Ligand SMILES: *Cc1c(COP(=O)(O)O)cnc(C)c1O
């Protein structure tokens, strides 16, 4: 098997110019309460305020912007029950590209409605009987659609790297950066930006404790596959890293940490009560891991990416109540 060459920071810069003026330049917020509590100086890159509520818009818009005229005309297909679906659907609507999204029959009604609301056609499959990748590929072949995967794609991960690029532009070099990890699109893109803009920064990926395949892959040097983990971090329930994302992560990331569901709820409540904002459980992975390491962070400048804010109010209330 030939290994395609990995994307570089130049691809992140090119993505930044493609999404400029379309994606939000999200705010970088601070918390004096947290700084007093930890003795560190925290900077939060708030992708919960990104269009459609998560950083996924960056990669999706970057990827779709590169379509040829034929690809635009035929359309895009993606499989996802979560934020990637909405990122592709919104980007396709903005670029006038027909979009088909393959979603499980039991996907939350709100997510299906949001995806349809962006004008995408939703194809439903039975998650216990059918393989969504096979359905996506069949649709692509039969109808000439371009399949855009959620993380293991050069244009997706280069787009995701633009969030960290904006963060460093605003804060200058940081000592540590904590980044949520699912399939590794966000972490690998962030790694390209980090090694270019703050080479000494200690870069941590953070996974849910129940699904530490990335940590095991990082430590063994081979991609580890797991069953879908049971965790409230629904944006990080991936079963394995990608080949391209892992190639970058292996080379450029310092460590992979985990956070428990209880840690995520604690961080989510902190964001709500002290910073007056909603972050979804997956978006809380970075702060949760940073708090577990707090003794090591005193006196340091610490970046945290809040990756998304898509959580139903009912679900937020029930998680916050325990
Ligand atoms: C997709 C997603 C992640 C994980 O991103 P990967 O690129 O798959 O590692 C983290 N947080 C949120 C909110 C997401 O939607």
For residues in the range 181-201 being farther than 15 Å from residue 159 by Cβ and touching a strand residue (DSSP E or B) at 6+ places or on another chain (Cβ under 6 Å), which is surrounded by the fewest Cβ atoms within 10 Å (Cβ to Cβ)?
201
Any residue in the range 263-289 that's within 17 Å of residue 53 (Cβ to Cβ): show its pairings with residues that are in a loop (DSSP other than H, G, I, E, B) and away from the ligand (no atom under 16 Å from the Cβ) at Cβ separation under 7 Å, as long as the two are six or more apart or on different chains.
275/31
Heads up, the helices (runs of 4 or more DSSP H) in the range 184-293 (entirely inside) with at least 2 residues that are within 15 Å of the ligand (Cβ to nearest atom) and either closer than 20 Å to residue 35 by Cα or in contact with a helix residue (DSSP H, G or I) (Cβ under 6 Å, 6 or more places away or on another chain) (or both) are 185-197, 243-252, 261-275, 285-292
So, restricting to strands (runs of 3 or more DSSP E) that lie completely within the range 31-142, which ones have at least 1 residues that are surrounded by fewer than 20 Cβ atoms within 10 Å (Cβ to Cβ) and either touching a residue at least 12 places away in the same chain (Cβ under 8 Å) or away from the ligand (no atom under 14 Å from the Cβ) (or both)?
41-46, 99-104, 121-125
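Rundown of residues vs (1) within 23 Å of the chain's Cα centre (by Cα); (2) near the ligand (Cβ under 9 Å from one of its atoms); (3) in contact (Cβ under 8 Å) with a residue 24 or more places away in the chain, yes/no style:
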{"residue": "295", "(1), (2), (3)": "no, no, no"}
{"residue": "299", "(1), (2), (3)": "no, no, yes"}
{"residue": "309", "(1), (2), (3)": "yes, yes, yes"}
{"residue": "317", "(1), (2), (3)": "no, no, no"}
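Where a number appears in this text, it was derived from the coordinates with a stated rule and is not lab data. Being a predicted model, the structure only gives us computed values, none of them experimental. Cβ: placed from backbone, ideal geometry, glycine included. Neighbour counts: every protein chain shown.
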